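Peer 1: One structure, pasted below without further comment.
Each value in this text was obtained by applying a stated rule to the coordinates, not by laboratory testing. Because the structure is predicted, anything quoted here is derived from the model rather than measured. Positions of Cβ are backbone-derived with ideal geometry, glycine not excepted, and every protein chain shown enters the neighbour counts.
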Amino acid sequence: MVEIKYMTIWIVIPAYNEEKQIGRVIAGLFEHGWHNVVVVDDNSSDNTIVVARKSGALVVHHVLNRGQGAALRTGDELALAMGADVIVHFDGDEQFDPGDVKGAVDYLQEKGLGAVLGSKMLDNRSQIPWLKKLLIIPISRVINLMLTAAWLSDAHNGFRVLTRATAEKIIITQDGMAHNSEIIGKIKKNGIKFAEFPVKVVYNEYGQGVGGGVKILRDWILSVFIR
Amino acid sequence: MYKIRGFMYLIQILLALFALFALLKTKQKFSLGDIGRRDLLVWVLLWVAVIVVAIAPNSAAVFAKMTGVGRGADLVVYLALALLFYLFFRMTVRIEKMKREITVLTREISLKEKNSESK
C-alpha cells in the first residue's frame, strides 16, 4: 500500500511597508490553495499589519524594525511552532508568482531535497533590467561563490523552499540582506541537498543596487568576528 | 612656549595629568567590574606609557630608533592611530553583536505576543 503523507506547508512573508501589495500577495497565495501564510510585519510605518490581517494571514509584529533576515527567522520560528513540514520564503512586494510555489514544493519532495532555491535566470519569464542582467548579477554570482562556495545561476533570490529539518538547522543571524548568502552558506556547510528552481520575478522596484551589495559584504565580514 | 620651572613644557604637565586622571578612572571602572583584568592591564600600560613619554619625551625617541621610525613623536602618532583603529573595530563588532541581541529580544516579544493572542 502506498503511504500518502500530507505535508503542512507554511508560506513566510517578511513585510516592511507593503500595504499596497501585501493584500494582493496573500490573496494570490490563497487562490492557489496556500492558506497557511505567516506575515512578519517588520514594524512598518504604514498599514501593512491591518491589510495582512484582513487578508487572512497569520500576522506577527516586530516591535522594532530589524531587517528582512530577522523577519524571515521570526516567520520560520512561528511556522515551525505551527507544525510546518515545509516552509516557503516568499516576498511581500508582488515580485514572485504564487503559481511557482507548487512546482517548487513538488520538486523538493520528488528529488528528496532539503532546500530549493528560486532562480530568475533558469527561464526567460522574468524581465530583468539589462544593467542588472549583464553586470550586477554576474558580479553577485562570483561574490556569492566566494562567500558561500555555491555556484548559483541567481545569487540573490528571496524565493526558497525549506524542509522542516533545514529550517531547524539554518538559523538566520544576518538581520539585513546578507541573510541570503548566509542561508546558502549554511546549506552548503550542513551538507543539505539543494537545487535551483526557475521562478518568475517581476521588478516593481530595482532591488539591490551596488550600495546594497557593499552593505551585504560589510555585514558578512563583520559576522566573522561575532561570537 | 611656557616652561614650568624651566624644565617642562605646559603640554607635558597637561598630558601627564590627563593620563593620571585616566588611570584613576580605569581603576574605578575595574573596581566596579565594568572592565576585566586584561583590559585593566592594557589600559594601565597605555596610560603609564603616556606619562613616561610626556615627562621624558626622549624615551619615545629610544623606541623610535629601535623600531626604525626615526622620530619619537612619529612613533607615538603611529601607535595612537593603530590603537584607535583597533578600538574602532572592536566597537563596531560590539555594536553589531548588540544589534543581534536586540533582534533576538524583538523576536521573543513578537512570538510571545502571538502566543498569548492565541490562548
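Peer 1: Could you please state, rounded to a whole Å, how far the C-alpha centre of the range A:108-163 is from the C-alpha centre of the range B:59-119?
Peer 2: Between the Cα centre of the range A:108-163 and that of the range B:59-119, the gap is 34 Å.
Peer 1: Further question: Under a Cβ-Cβ cut-off of 14 Å, what is the net charge of the residues other than A:Asp100 that fall near it, where Lys and Arg count +1 and Asp and Glu count -1?
Peer 2: Counting the neighbours of A:Asp100, the net charge comes to -3.
Peer 1: Find, among the GluC sites (Glu not before Pro) in the range A:1-57, those assigned to loop by DSSP (not H, G, I, E, B) with at most 10 other beta-carbon atoms within 10 angstrom.
Peer 2: Here the GluC sites (Glu not before Pro) that fit, given the DSSP loop and packing criteria, are A:Glu3.
Peer 1: Compute the signed sum of charges (Lys and Arg +1, Asp and Glu -1) over the other residues within less than 15 Å, Cβ to Cβ, of B:Val62.
Peer 2: Neighbourhood net charge equals +1.
Peer 1: Out of all DSSP beta bridges in the range A:1-139, what portion is antiparallel? Express it as a percent rounded to 5.
Peer 2: Counting only bridges with both partners in the range A:1-139, antiparallel ones make up about 0 percent.
Peer 1: Is the C-alpha gyration tensor of chain B telling us rounded, prolate or oblate? Criteria: a/c under 1.5 is rounded; beyond that, a/b larger than b/c is prolate, otherwise oblate.
Peer 2: Cα axes put chain B in the prolate bin.
Peer 1: Explain nothing, just compute: Karplus ³J(HN,Hα) = 6.51 cos²θ - 1.76 cosθ + 1.60, θ = phi - 60°, for every residue of the range B:111-117 in order, whole Hz, x for Gly and Pro.
Peer 2: 6, 5, 4, 4, 4, 6, 4
Peer 1: For chain A, calculate the relative contact order in percent as a whole number, restricting contacts to Cα pairs under 8 Å that are 6 or more residues apart.
Peer 2: 23
Peer 1: Moving to a separate point now. Do any of A:Lys215/B:Lys112; A:Lys186/A:Lys215; A:Lys102/A:Lys193; A:Lys186/B:Lys97; A:Lys20/A:Lys200; A:Lys54/B:Lys114 go past 24 Å between their Cα atoms, and which?
Peer 2: Going by Cα-Cα distance, A:Lys215/B:Lys112 fall outside the 24 Å limit.
Peer 1: With a ≥ b ≥ c the root eigenvalues of the C-alpha gyration tensor of the range A:91-227, is it rounded (a/c under 1.5), prolate (a/b larger than b/c) or oblate?
Peer 2: In terms of gyration-tensor shape, oblate.
Peer 1: How large is the Kirkwood hydrodynamic radius of the protein assembly as shown, counting all unique pairs of alpha carbons, in Å?
Peer 2: Taking every pair of different Cα atoms in the protein assembly as shown, averaging 1/r and inverting gives 23.7 Å.
Peer 1: Shifting gears a bit: If you take the square roots of the eigenvalues of the alpha-carbon gyration tensor of the range A:90-153 and sort them as a ≥ b ≥ c, do you get rounded (a/c under 1.5), prolate (a/b over b/c) or oblate?
Peer 2: Because a/c hits 1.5 or more and a/b fails to exceed b/c, the range A:90-153 counts as oblate.
Peer 1: Which value at 222 nm does chain B reach when only helices count, each DSSP H run of 4 or more adding -39,500 (n - 2.57), with the total divided by all residues and rounded to the nearest 500 deg cm²/dmol?
Peer 2: About -29000 deg cm²/dmol.
Peer 1: For B:Ser59 and A:Leu145, FRET efficiency with R0 = 51 Å and r from the beta-carbon atoms, rounded to 0.05?
Peer 2: 0.45
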